[in-house]
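Each remark here refers to the structure printed beneath this line.
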Amino acid sequence: MTRIILVGYMGSGKTTVGRQLAMALGVSFYDLDWYIEMRYRRSVAQIFRESGEDGFRQLEHNMLHEVAEFENVVLSCGGGTPCYFDNMQYMNSLSETVYLKASPEVLAAHLKMARVERPLIKNKNGEDLLEYIRESLTQREPFYMQAKHVLNVDLLDNYEKIAITIDLLRKELGM
Ligand code: S3P
């Protein structure tokens, strides 16, 4: 039985790597944000607006418990998932977990293009965005570092490199 959960900051490539890894291993791929959106028929941004961040974290926690028990899956979770409740401990108890680790500069470059649908950073740009990432990454990294595996993905910026990353990840996981 294969069950792998990818954790890491927004923009670290969890969805891209997760989808490719699932394909390479011949298992299903789930993205926790998409799963939440499908189950509640509301976008993550809408949930933040209507229920606040606390409301979102509660739904995220509940939905994690629903998907994390599926078998033969790769799951990418949200950037904040490991940092609330006992979510990280729970994921470690039933799965291989991998932290996709990237520097604040690389994350900022990825996120510049995709801020709009992410409520926590939608109004941040340039130095503000970088500063926010630096600060919140410092708070979040102790949670991410509890993952069973850590993979540096700073170089992950084209398809060839994604393929190399998947190979490295499979070696690390022995799969
Ligand atoms: C969040 C990350 C997002 C999403 C929500 C909150 C966070 O997921 O869950 O906007 O707290 O870092 P991605 O990491 O997939 O962008």
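The values are calculated or read from the model by the stated rules, or taken from the named source; none is laboratory data. Just so you know, these numbers come straight off a predicted model, no measurement behind them. Don't worry about glycine lacking a Cβ; one is built from the backbone with ideal geometry, like all the others, and counts go over all protein chains shown.
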Check: Looking at region 109-141, which of its residues are under 15 Å from the mean Cα position of the chain (by Cα) and more than 11 Å from the ligand (Cβ to nearest atom)?
Finding: E141
Notebook entry, point to check: Out of region 130-164, which residues are hydroxyl-bearing (S, T, Y) and either assigned to a strand (DSSP E or B) or within 17 Å of T16 (Cα to Cα) (or both)?
Noted result: Y159
Check: List, please: which pairs have Cβ atoms under 8 Å, are six or more places apart or on different chains, and start with a residue in region 74-103 that is in a loop (DSSP other than H, G, I, E, B) and end with one that is among the aromatic types (F, W, Y) and within 16 Å of the ligand (Cβ to nearest atom)?
Finding: G79/Y9; A102/Y9
Next item on the list: Answer with yes or no whether L64 is in contact with a helix residue (DSSP H, G or I) (Cβ under 8 Å, 6 or more places away or on another chain), outside any helix (DSSP H, G or I) and at pLDDT 95 or above.
Entry: no
Notebook entry, point to check: Can you spot a residue in region 50-58 that is more than 16 Å from E117 (Cα to Cα), in a helix (DSSP H, G or I), at pLDDT 95 or above and within 16 Å of the chain's Cα centre (by Cα)?
Noted result: yes
